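The values are calculated or read from the model by the stated rules, or taken from the named source; none is laboratory data. Because the structure is predicted, anything quoted here is derived from the model rather than measured. So basically every Cβ, Gly included, is an ideal-geometry build from the backbone, and we count neighbours across all protein chains shown.
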């Protein structure tokens, strides 16, 4: 706590740098032609704007309270004068005409002053040239103006994650009960892999609070990182484990007697040497308190109580 | 099994409150109001053979009706949104939100989520669902037809509410409260006696409550963004222990064994985040937080053993757990020139374990006196990332990260990581983006040799073991992808990733981990009438580990020793081949009127474990060969589904849909095949199982008919 306060107190130093900085000027009303002119040629696009959040006059500073279409696309007079050719004299959110940075800058000019986008600069999306319009469209009435629902939207780019989600052991993502954004800060944050926490365990404990302990008998890899044994997006093995038990446990536990014993097809139900260290849940048939235990003596220490 | 009446009543009260609030608001507002929304009702018929629990793992598909709705109301700057999904099902959720644009907003929500593991499990115990399991006469019956039947499943119910006040922009304040209840039964494995005893599968109760409070205040106006947050979480378990009569001992029903369950805990986190724009299009970002988790548990001073009850002496009968964490992140981002992106960062995370150290004295244990280790660790990471926009539409990025981990652990107390990456992206053509990337992780691990009592101490084996979570390793990752969109209506993409991890210091343990992933995606809209789409994913995983089997206390731990019949090395190579593909078409039979969607998906996994006894000239145990010991079905499964769906838009307000879905799941696994509830009643072949996770295969047909009314 003391260290936390010391570090926190350093921050005012940076406030000295605040002076002299000015918010970027964006847009301007010169050369605007008004919504009706735009609608005259682009009625279908206007109609999709009209059902969007941006068209709501009740929202302070919404485009509807500014220059309408020209709030995002820029003044249209030059565009009209030049026969209205696509992208001529006007800003359009086309991959061929504007790069990701300038497209995002348009959105950030209004949305940049929000908590959600404060850390956009930290986002992996930004450096990968993902712009706001890759996921959002202002020309729709969908929630948060998203182009699709999760996880399909994210899986368009994150195809290997889609493959994981399709596996038999998974979080309820494809069932729609858990969203990518429940765990990940898609607009940027400080966590590894853009997760909404400083460490994987801090994130997992938000839903799995019973794993938080603190326990008397701990299992160090568990306490350090849930991802030592689990994978978050999907697995072929029960409980989202990274590999099959007993091999997963034996990757670390080699000792005399059963931790180092070879368990094969002979130790399964139909084998001649059935072993409760191999059939069914293998090690977990006995050692199920692997996330921690307060059990007595060696029973607690070995996670069987 | 347990009373859910209270929960059901809470959800009804929630719905009534929300609806009455909505109706009240609608009545008082008269002018310039806009009401919109939609309501849908679906009738469903299910025909299923096999395990319903796996089919409905996170779902509630069954015969009957369910509904969805979304009501939106707006009046000038005020708005209300009330939506519900899967109404009438165990997956139902409701969200009521509203507010005044630019001033405040609030939301209330209720969400249900089942997690079904196995239906029709069996046990000889009575009292399932509670914290006391018993059976009348010892030994318990092995005739499973006389056993009690129950379901392994749990249900989460989440009640939440939040409020955000932003009238005094750029300042804001937000608060949220949530309560989650979890009720159900899960399988808990317990050793009968240890070592060498039977395994007992116990139906353990889940009666958890988690309350969360989050508060945040902040300021957002260029060039500064600041926020301070507080999170408090309280976890409560109604059952501190699961008491059960242990069938591996001859004790009476009056003496019960106990399994400790997750303890109650309290957690808080205080955080501060900030970002400040700097000259040269730069930004300084920071994140500071401190948190603490605490628990307490009353400890047992005895335990049940084969001899009866064994007493132990503890330095304290109450364990107070306390773990503090501190986290600091500083990141400077900069884009001083159009062609240059830069980022420099420093991250620090410390977990400080301040729990009680308890000394246990157990005269039957070896050593007789021992104490719990308090695990904590500290991670530091710093690095730099640079990105260059090059001529000809190339973008080159590269980064270096240096990481250090120090942990309170006997074997590997320290890691030093060097991570290098380089990525090249080319977007020189309007219809194509190509990417190639490489990353190398070089991890050094400081290894502490075990302190042993002599050459016959079994702990000598630790000299050769390197646990993969902290072991030294080199990891190379290669990525290539191509996105191709030659026409507005055609998208095509290819991706390949190869990851190769070599645990270079490991003698015993996981030595190699190789993974290949390949994916293809295509989406094609033909003449605005037919949209074809498909994907194919392939993954190959290969893990290789080297192990040693040896008898205790004879000093035969060294893997370099010549093999004997009871002290030898062995290996296992596990492979997984995963295939997944999906094909579909959307046919706009009557544009904007009648649409047909057909879709087929398939996911398949083949797992294999190739064991090898490294016995030299010694013979394998009787009956075994290097071939017949392998496991050919290891989490093998195939999930196949088909969907045929017609959607008819009668007009802008009314839509009808009808269809059929088929899903088949086949599971094949050598560890579960020919499942036995009681494979034996003593020794290491003994177990009293309940059928948990056994045979989850199913085949299901779902017919559905729905109508949606939009207004």
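Quick rundown of the values:
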quantity	calculated
All positions within region B:539-554 that are more than 8 Å from chain A (Cβ to nearest Cβ) and part of a strand (DSSP E or B)	B:540, B:541, B:542, B:544, B:546
Some residue of region B:665-686 being assigned to a strand (DSSP E or B), out of contact with any helix residue (DSSP H, G or I) (no Cβ under 6 Å at 6 or more places or on another chain), more than 10 Å from every other protein chain (Cβ to nearest Cβ) and at pLDDT 95 or above	yes
When residues of region A:206-238 are limited to those that are outside any loop (DSSP other than H, G, I, E, B) and under 17 Å from the mean Cα position of the chain (by Cα), the one nearest to residue B:328 (Cα to Cα)	A:206
Count of region A:258-276 residues which are touching a helix residue (DSSP H, G or I) at 6+ places or on another chain (Cβ under 8 Å), more than 14 Å from residue B:201 (Cβ to Cβ) and within 7 Å of another protein chain (Cβ to nearest Cβ)	4
Residue B:675 being surrounded by 19 or more Cβ atoms within 10 Å (Cβ to Cβ) and within 26 Å of residue A:282 (Cβ to Cβ)	no
Qualifying residue in region B:547-559 (condition: closer than 22 Å to residue B:462 by Cα and free of Cβ contacts under 8 Å to residues at least 12 places away in the same chain)	yes
Residue check for residue B:247: touching a strand residue (DSSP E or B) at 6+ places or on another chain (Cβ under 9 Å), within 23 Å of residue A:293 (Cβ to Cβ) and modelled with pLDDT under 95	yes
Residue A:153 being within 10 Å of chain B (Cβ to nearest Cβ), touching a residue at least 12 places away in the same chain (Cβ under 8 Å) and assigned to a helix (DSSP H, G or I)	no
When residues of region B:687-701 are limited to those that are part of a loop (DSSP other than H, G, I, E, B) and more than 8 Å from every other protein chain (Cβ to nearest Cβ), the one surrounded by the most Cβ atoms within 10 Å (Cβ to Cβ)	B:690
Filtered residues of region B:555-572 (kept if part of a strand (DSSP E or B) and crowded, with 16+ Cβ neighbours inside 10 Å)	B:568, B:569, B:570, B:572
Odd one out for residue B:121 among (1) within 19 Å of residue B:162 (Cβ to Cβ); (2) part of a strand (DSSP E or B)	(1)
Sole residue being within 30 Å of residue B:346 (Cβ to Cβ), within 9 Å of chain B (Cβ to nearest Cβ), touching a residue at least 40 places away in the same chain (Cβ under 8 Å) and out of contact with any helix residue (DSSP H, G or I) (no Cβ under 7 Å at 6 or more places or on another chain), chosen from A:213, A:189	A:213
Conditions (1) without any contact (Cβ under 8 Å) to a residue 60 or more places away in the chain; (2) within 30 Å of residue A:283 (Cα to Cα); number of the one not met by residue B:180	(2)
Answer from B:476, B:512, B:521 - the residue that is more than 12 Å from chain A (Cβ to nearest Cβ), assigned to a strand (DSSP E or B) and within 28 Å of the chain's Cα centre (by Cα)	B:476
Single condition residue B:293 does not satisfy, out of (1) under 26 Å from residue B:371 (Cβ atoms); (2) buried (at least 22 other Cβ atoms within 10 Å of the Cβ); (3) more than 7 Å from chain A (Cβ to nearest Cβ)	(3)
Evaluation of residue A:135 against (1) surrounded by 15 or more Cβ atoms within 10 Å (Cβ to Cβ); (2) modelled with pLDDT under 90; (3) more than 9 Å from chain B (Cβ to nearest Cβ) (one fails), failing number	(2)
Top-ranked residue of region B:613-640 - restricted to ones that are facing chain A (nearest Cβ under 9 Å) and outside any loop (DSSP other than H, G, I, E, B), ranked as farthest from the chain's Cα centre (by Cα)	B:613
Positions within region A:192-210 being over 23 Å from residue B:266 (Cβ atoms) and at the interface with chain B (Cβ under 9 Å from one of its Cβ atoms), in sequence order	A:192
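Residue by residue, here is whether (1) within 7 Å of chain A (Cβ to nearest Cβ); (2) under 24 Å from residue A:196 (Cα atoms); (3) modelled with pLDDT under 95; (4) under 23 Å from the mean Cα position of the chain (by Cα) holds:
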residue	(1), (2), (3), (4)
B:184	no, no, no, yes
B:189	yes, no, no, yes
B:193	no, no, yes, no
B:197	no, no, yes, no
B:203	no, no, no, yes
B:218	yes, yes, no, no
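One line per residue, one yes/no per condition, for (1) assigned to a strand (DSSP E or B); (2) in contact with a strand residue (DSSP E or B) (Cβ under 7 Å, 6 or more places away or on another chain); (3) farther than 25 Å from residue B:258 by Cβ; (4) facing another protein chain (nearest Cβ under 7 Å):
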residue: B:326; (1), (2), (3), (4): yes, yes, yes, yes
residue: B:350; (1), (2), (3), (4): yes, yes, yes, no
residue: B:364; (1), (2), (3), (4): no, yes, no, no
residue: B:383; (1), (2), (3), (4): yes, yes, yes, no
residue: B:389; (1), (2), (3), (4): yes, yes, yes, no
